Amino acid sequence: MGCFFSKRRKAEKESQPEGEEERPKQYSWDQREKVDPKDYMFSGLKDETVGRLPGQVAGQQFLIQDCENCNIYIFDHSATVTIDDCANCVIFLGPVKGSVFFRNCRDCKCTLACQQFRVRDCRKLEVFLCCATQPIIESSTNIRFGCFQWYYPELALQFKDAGLSIFNNTWSNIHDFTPVSGELNWSLLPEGAVVQDHVPLPATEELKAVRISTEANRSIVPVSRGQRPKNSDESCLVVLFAGDYTIANARKLIDEMVGKGFFLVQTKEVSMKAEDAQRVFGEKAPDFLPLLSKGPVIALEFSGDGAVEGCHLIVNEIFNGTKMFVSESKETASGDVDSFYNFADIQMGI
């Protein structure tokens, strides 16, 4: 008893011209571009400046190992990056969708953005960081942190491709898995630290083609004070709701507030539900409920004497007609800030 399909295949085979071999079947996985791991690795280098230009990594994993006295620049987004056994290196990493893991490294200076950051068995690192989750150090000493500060034209899209928000940055909220009583294994770099003094721009002609700026006011990631002690008891919370110009409005407000002498403490981008709004916005919640369905909100905390009044003046003058939540007064501002960031940290698992 035969099968219809077997008869058809037999007939097709018999109809082939003599001497012509049957073509092998093509599958989609056979047509994928082959990846050579050597293209996504720097290993065993000494006294070199090397890097990858925008578009040359395109979301692949990257490995840096056994490098000494090198300047390494990855101007693209990656899946994960592991840095092992490196000494006296300068490292820049574009947005990393997953984790950046330093192991057995010493005397390195870095600027990087990632979802997760971990350091193990390292000493004397300086890291200008943007990290969506709490950075972790383990069995390490003299690790110093600053806020990510960098710009080049392709960087904003690379953040998007890596699934990272420029407003979710817990760079200073460090967790030490192996604390030593009476000692501190990590600290924050001075507030006025200039990133280019620590992580200089590349000197090779190929990498100089990337149009870089390290000026704080041009940084893709807003430069925040993080966990540093506040210089004032007064804080102000501003929440911007999703829309066509939300990011531009947030940047404009930061520029205006910082220009008037106030400090950006921290930022968050997170989705809110109706019950969250009730807890954060109180009696004003009904005004904002229809806006929550449009997308995540962006929250900014500013500090400084007169921050609440100063923020209201700027919002009324420049953003008149744009729906925002702004702390009502100095007396209620601290409660607004605590309510929002407690909710946001829970939502983000921090």
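The values are calculated or read from the model by the stated rules, or taken from the named source; none is laboratory data. As the structure is a computational prediction, the values presented were derived from the model and not from experiment. Positions of Cβ are generated from backbone atoms using ideal geometry, with glycine treated the same way; all protein chains shown enter the neighbour counts.
Being of a type outside the set (Asp, Glu) and at pLDDT 95 or above is a description that does not apply to Tyr27. Against the list (1) more than 20 Å from the chain's Cα centre (by Cα); (2) without any contact (Cβ under 8 Å) to a residue 60 or more places away in the chain; (3) part of a helix (DSSP H, G or I), the condition Gly261 fails is (3).
From Thr267, Thr204, which residue is of a type outside the set (A, V, I, L, M, F, W, C), surrounded by fewer than 14 Cβ atoms within 10 Å (Cβ to Cβ) and touching a Ser or Thr at 6+ places or on another chain (Cβ under 7 Å)?
Working: Thr267 fails: surrounded by fewer than 14 Cβ atoms within 10 Å (Cβ to Cβ).
Step by step, each of Thr267, Thr204 is checked, and only Thr204 is of a type outside the set (A, V, I, L, M, F, W, C), surrounded by fewer than 14 Cβ atoms within 10 Å (Cβ to Cβ) and touching a Ser or Thr at 6+ places or on another chain (Cβ under 7 Å).
Scanning the range 139-158 for residues that are part of a strand (DSSP E or B), β-branched (Val, Ile, Thr) and not assigned by TED's automatic domain parsing to the domain that holds Ile247 turns up at least one hit.
Tallying residues that are of a type in the set (Val, Ile, Thr) and over 27 Å from Cys131 (Cα atoms) within the range 248-305 yields 0. If you go through the range 95-138 and keep only what is assigned to a loop (DSSP other than H, G, I, E, B) and either among the charged types (D, E, K, R) or in contact with a helix residue (DSSP H, G or I) (Cβ under 8 Å, 6 or more places away or on another chain) (or both), you end up with Asp121, Ala132, Thr133. Of the residues that make up the range 96-105, is at least one in contact (Cβ under 8 Å) with a residue 24 or more places away in the chain and within 17 Å of Met41 (Cβ to Cβ)? The answer is yes, given that some residue of the range 96-105 is in contact (Cβ under 8 Å) with a residue 24 or more places away in the chain and within 17 Å of Met41 (Cβ to Cβ).
Identify all residues within the range 270-280 that are surrounded by fewer than 20 Cβ atoms within 10 Å (Cβ to Cβ) and in a helix (DSSP H, G or I); write none if there are none. Explain how you work it out, then say what you get.
From the range 270-280, those surrounded by fewer than 20 Cβ atoms within 10 Å (Cβ to Cβ) are 271, 273-275, 278-279; that's our starting set.
Within the range 270-280, Ala274, Glu275, Gln278, Arg279 meet the criteria.
Taken over the range 223-246, the criterion of being crowded, with 17+ Cβ neighbours inside 10 Å and of a type outside the set (Gly, Ala, Ser) is satisfied by Val223, Arg225, Glu234, Cys236, Leu237, Val238, Val239, Leu240, Phe241, Thr246.
Pairs are defined by a Cβ separation below 6 Å, a sequence spacing of at least 6 or placement on different chains, a first member in the range 111-135 that is in the same structural domain as Phe159 (by TED's automatic domain parsing) and without any contact (Cβ under 8 Å) to a residue 40 or more places away in the chain, and a second member that is surrounded by 23 or more Cβ atoms within 10 Å (Cβ to Cβ) and charged (D, E, K, R); no pair meets this definition.
Residues in the range 149-168 that are more than 18 Å from Ser78 (Cβ to Cβ) and either surrounded by fewer than 20 Cβ atoms within 10 Å (Cβ to Cβ) or touching a Phe, Trp or Tyr at 6+ places or on another chain (Cβ under 7 Å) (or both): Gln149, Tyr151, Pro153.
State whether the residues of the range 53-62 include one that is surrounded by 10 or more Cβ atoms within 10 Å (Cβ to Cβ), part of a strand (DSSP E or B), β-branched (Val, Ile, Thr) and modelled with pLDDT of 95 or more. Before the answer, list the steps.
So in the range 53-62, the residues surrounded by 10 or more Cβ atoms within 10 Å (Cβ to Cβ) come out as 53-62.
Among the residues that remain, those that are also part of a strand (DSSP E or B) are: 62.
In the following step, the residues that additionally are β-branched (Val, Ile, Thr) were identified as none.
Scanning the range 53-62 turns up no residue that is surrounded by 10 or more Cβ atoms within 10 Å (Cβ to Cβ), part of a strand (DSSP E or B), β-branched (Val, Ile, Thr) and modelled with pLDDT of 95 or more.
Going through the range 225-256 one residue at a time, which ones are within 23 Å of Phe281 (Cβ to Cβ), of a type in the set (Gly, Ala, Ser) and part of a loop (DSSP other than H, G, I, E, B)? Within the range 225-256, Ala242, Gly243 meet the criteria.
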